[in-house]
Structures are given as structure tokens and as C-alpha cells.
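Quick notes on the structure that follows.
The values are calculated or read from the model by the stated rules, or taken from the named source; none is laboratory data. Just so we're clear, the structure is a prediction, and the values are computed from it rather than from any experiment. All Cβ positions, even for glycine, are placed from backbone atoms using ideal geometry, and neighbour counts span all protein chains on display. The accessibility values were calculated without ligands, DNA or RNA, using every heavy atom of the protein model including side chains. Shrake-Rupley method; radii C 1.70, N 1.55, O 1.52, S 1.80 Å.
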Amino acid sequence: RCCSEKKGVNKIVSCAVFGDMKVITPEEALAIYHAGPEAVVKTICELSAKVCELSAMVEKLEKRLKELEDQVSRNSRNSSKPPSSDGFNKPNPKSRRESSGKQSGGQKGHEGHCLEAVENPDHVLEHPVEECEQCGHGLEDVPASEHERRQVFDLPPIKVEVTEHQAEIKTCSHCGHENKGCFPEGVSAPVQYGPGIKSLMVYLNTYQFIPYGRLQELMADVFSCSLSQGTLANTHQECAEHLGDAYEQIKAHICDSSVSQFDETGISIQGKLSWLHVAGTQDATAYMAHAKRGREAMDQMGILPGFKGTAVHDHWDSYFAYECAHALCNAHHLRELIFVSEQYHQAWAQEMIDCLLDIKTLVDEKKTMVDRLTAEEIAQFEQRYDRILGKGFLENPSPPPSESLRKKRGRKKQSKPKNLLDRLSEDKAETLAFMYDFNVPFDNNLAERDARMMKVQQKISGTFRGNNSVHDFCRIRSYISTIRKNSGNILEAIQAAFSGNPFIPWLQPIPINGS
């Protein structure tokens, strides 16, 4: 009987610990109790071990669930993901700007703009009055007392003009030598396109991102001009060759600037992922495509290795390899702080958002009057910044040391709030660079806007078909973006490039749009 009871107790314990984890009934618990201290201790130890095992499993699953929730919750508003990745579930816009309370549209007292009549129209069409509309008397011989004017702005019939160059050929009557007149520079083939139409091809493809196929259709529909894709490709190659020196001068100008902004973004070349590197200032832009994202590409671009100013960028490690001053993009920080605030519900994140924006507001107000904040203002903001970080670190302590004997390479895995706190703490000077130097911007938006244009090109025109085409594109686009930043007329600038005299804004005056 004792053996039978003992086997029954072991069966109950085994079922409770290793089986389907059924709840032990009072009768079964009493049976274990009556089996003696040894059975009770064994049951408690085994149940305790199972509870610990399940607790570890729950903790692991909760951590994995949080990671998955974080992935699903990330969007263009609270992370560095592009807006195109939001799909149809775009987050509702939440502007950090306060409402002005004014209605949308033009405000009272706003000077409007409309189409205005010109003094000297190209054509004048008179509409005579032949008879009196009341009595029918003829008025052909009566001079008009005045005219009511109405002007119509429209395009003339569009057609390609053909200019034929004829070089005289004369034979000398004295010695019999045949002499030929000289054609103008650039007129080198029996039949060719001129700089005007070639500039338009380059403008429509490289600036307006019209792909070759649609550009062929446009030229045929608008100008009745049939072009092959080979002609378009050769035209772009010719333009890029003319811009070789201008491209190097643009890069040298950025390298010599006190503050320059840098970014990189993925592009597709022959269906493979490559990287577009961007360097820019308020008046210049340089692009370069490369298979690598890191320092190898940056060295080849040739700007950062000799740069001595302040480089504004995101937190990509490769930038910190260069011995120049650094400033981090706070637009990235704000998005990550929004994520921490909304997903982890940590109050310090919103406090840091308010702190950074308060500094920006004061800097924007003061920079029109002075060139720096006072030492007292800087100290107050630094203390506030450090105090907020302290709250964050209390809420996100460092993970405990691993119990595993095997040491893993690299950094220990941490939560996103802890990673952000470490960056804001270790790179405090780079984060607040805009506060110390008014020439340093709050964010890296200028470079990101320049890089965004490449994303637009990829969506409209698709992948590049070869390395030569993307390098030509980058050189031409660098020139066009630089001209645009200086309010220049792009078509005239491209024509100047085809003529062998591209515009360099800081070395010569350029045609201004609207002039």
C-alpha cells in the first residue's frame, strides 16, 4: 500500500511539473503532504525550478514582443525611415509648431501677385466696330476715340529651327590652292544638334527626372524631333565632360567652407545596391556614387579628408574618422525621442525634446542681433540637458553583466532608449554644436533635401544602367543644384557648359531667374 501511495504521489508531482501543468487539487496536495516531508520538499523544489524556467521564458518572449512592437511602430515621424516606407498607414502629421490662430490663405494686407499686362506686346490685333449696334449706321470711316485692351499670354508655334552653315570654297587664281572658310566653333558634323536643344535634353532628364523613353516622346510631340536613346546618352556624356573642372571647383569650395553638411542614401545601379554620397553648403552641392557607404567612398569623394571646418551629419561612424569638428543632426534626435516618448512612455524624452527646441528658439532669436549666447545662458542649458540625461539613465540602467562564460564581441545589446541616452551623453558637444556656434545648423536638412532628389529620380526613372551613366548624372546634377542654390537660370547655365564656359557662382556673375 505504501509503495502504491508513493507511486501515486510521484505521478501527481510529475504531472504537475513536467506534464500539462494542471492545477493540483486539494486532495492531491493532501496526498503529497501525507507522503511525508521528503515528498513535500521534492515537490516544492521541482515546482520552483519550473517557475524559474517559465519566468525566464516569459521575460525572453516579452523582450521579443517589445522588439517586434517597436519595429511595427516605427515610421517616418519617429525614426529615420523615409516617408515612402509608411505605405497607406501614414501617421497623422503632428507639427511641433504652435498654431498662429490665423485662417489659412492670404492674410489681410498681403500683397497679392497676378498676371500683369505688358507695355509692349509682341503682337497687336485690332477688332474694329463696323456699325452702330443701336441704329445700324456704318462706322467704318469713324476714327476710334479709344481702345479697350486685353492681353493673352500664350506660346508661339513650337518648332526646331535649322541653321545651315555654308563655308565658301575658293581656288586661288595665282597658285591654284583651294581655300575653305572656317565653320564656327562647335559646328563639326554635317548634321548635328545645337546647344539649345541639347541643354533642354539634359535639363529634362537630369533636373526634371524624365526618363529616356518619355523624353523621346516629349521631344517628338512638342518639337516634332525624333531622338534615339543613344543620342540622349551621348549628349549627357558630352555635358559631363564639359563640367569636369567645374565639378572639382564645386568640391574644393565645399572643402574650404567653415560648415558643410554630409549625407548618404542607397541607390540602385544595374539592380544592385550602391550609395549616393552628398556634400553641400548653402551655395554648392556635390554628389558621388560608390559601391560602399563608408570611409572608402568618402576618401574617394575627396572632400572630408582635407576638410577643416564643421561637418554636420547623422551618427554614421565613418564620419567620425575624420579630424574635423562634428555636429549631429537634431532632427534625427527629435524623431528618436518621439519614439521613446510614445513607445516606452518615458517622460525624460519629451523633456529633452522641449530642451532642444527651447535652445533652437533662443538661438534663432539671438542670431539676428549677436553672434553667440552668453556664458550664463549656455551654462543653464547645459545643466538642464545633463539633468534630463540623469533622469533618463535612472530609468534605463545599464544591463547586468552576462553570466555566460563565453564573451561576445562588440557592444552589449541595450534598449533603444539606453542607446539614445549613451549617444546624447557621449556626443553632447556635437549635439549642442548649434548652440555654441551660430553658423552650425540645428539639423542636417540641407544635405537630406539634396539626397532626397535622388530618391525622386529613382522612383520616376528607375535604376541606373551603368556606372558611367550614374557618374555623368552626379556631375551634372552637382552643377545644376549649385546653380539652383544661387538662383541661376539652369537652362542658360547648361548651355554655357556646352559652350565650354560653365558658370561658377563664386567666381563669376550668373544669369538670375526672373532677370
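Assorted remarks:
- Flag for T206 being β-branched (V, I, T), surrounded by 20 or more Cβ atoms within 10 Å (Cβ to Cβ) and in contact with a helix residue (DSSP H, G or I) (Cβ under 6 Å, 6 or more places away or on another chain): yes
- Every residue from the stretch 23-50 that is acidic (D, E) and open to solvent by 90 Å² or more (accessible area, probe 1.4 Å): E27, E38
- Per-region count, the stretch 416-428, residues in contact (Cβ under 8 Å) with a residue 60 or more places away in the chain and either open to solvent by 30 Å² or more (accessible area, probe 1.4 Å) or in a helix (DSSP H, G or I) (or both): 5
Listed here are the residues, each with its yes/no results for (1) within 30 Å of Y322 (Cα to Cα); (2) modelled with pLDDT under 90; (3) open to solvent by 100 Å² or more (accessible area, probe 1.4 Å); (4) of a type in the set (G, A, S).
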site: I197; (1), (2), (3), (4): no, no, no, no
site: D221; (1), (2), (3), (4): no, no, yes, no
site: C239; (1), (2), (3), (4): no, no, no, no
site: D245; (1), (2), (3), (4): yes, no, yes, no
site: Q249; (1), (2), (3), (4): yes, no, no, no
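- Taking every residue in the stretch 156-173 that is of a type in the set (D, E) and pairing it with any residue that is not in a strand (DSSP E or B), at least 6 positions away or on another chain, the pairs with Cβ-Cβ distances below 7 Å are E168/G181.
- Filtered by the rule that a residue be open to solvent by 100 Å² or more (accessible area, probe 1.4 Å), without any contact (Cβ under 8 Å) to a residue 12 or more places away in the chain and of a type in the set (A, V, I, L, M, F, W, C), the stretch 115-134 gives V124, L125.
- Residues that are out of contact with any Ser or Thr (no Cβ under 7 Å at 6 or more places or on another chain) and under 23 Å from S274 (Cβ atoms) are absent from the stretch 382-390.
- Candidate set: the stretch 464-515, residues that are hydrophobic (A, V, I, L, M, F, W, C), over 23 Å from E185 (Cα atoms) and at pLDDT 90 or above; chosen: the one surrounded by the most Cβ atoms within 10 Å (Cβ to Cβ): I483
- All helices (runs of 4 or more DSSP H) inside the stretch 430-492 with 2 or more residues being closer than 15 Å to T281 by Cα, within 15 Å of the chain's Cα centre (by Cα) and of a type outside the set (S, T, N, Q): 445-461
- Residue list for the stretch 323-338, filter: open to solvent by 10 Å² or more (accessible area, probe 1.4 Å) and of a type outside the set (K, R): E323, C324, A325, H326, A331, H332, E336, I338
- When the criteria are applied in full, V9 meets the requirement of being modelled with pLDDT under 85 and open to solvent by less than 100 Å² (accessible area, probe 1.4 Å).
- Of everything in the stretch 450-463 that is within 13 Å of Y207 (Cβ to Cβ) and of a type in the set (S, T, N, Q), the residue that is surrounded by the fewest Cβ atoms within 10 Å (Cβ to Cβ) is S461.
- Any hit, the stretch 429-449, residues being in contact with a Lys or Arg (Cβ under 8 Å, 6 or more places away or on another chain), open to solvent by less than 30 Å² (accessible area, probe 1.4 Å) and closer than 17 Å to N205 by Cα: no
- Failed item, numbered, when F473 is tested on (1) closer than 18 Å to K251 by Cα; (2) touching a Leu at 6+ places or on another chain (Cβ under 9 Å): (2)
- If you go through the stretch 363-381 and keep only what is surrounded by 14 or more Cβ atoms within 10 Å (Cβ to Cβ) and either assigned to a helix (DSSP H, G or I) or among the polar types (S, T, N, Q) (or both), you end up with V363, K366, E377, I378, F381.
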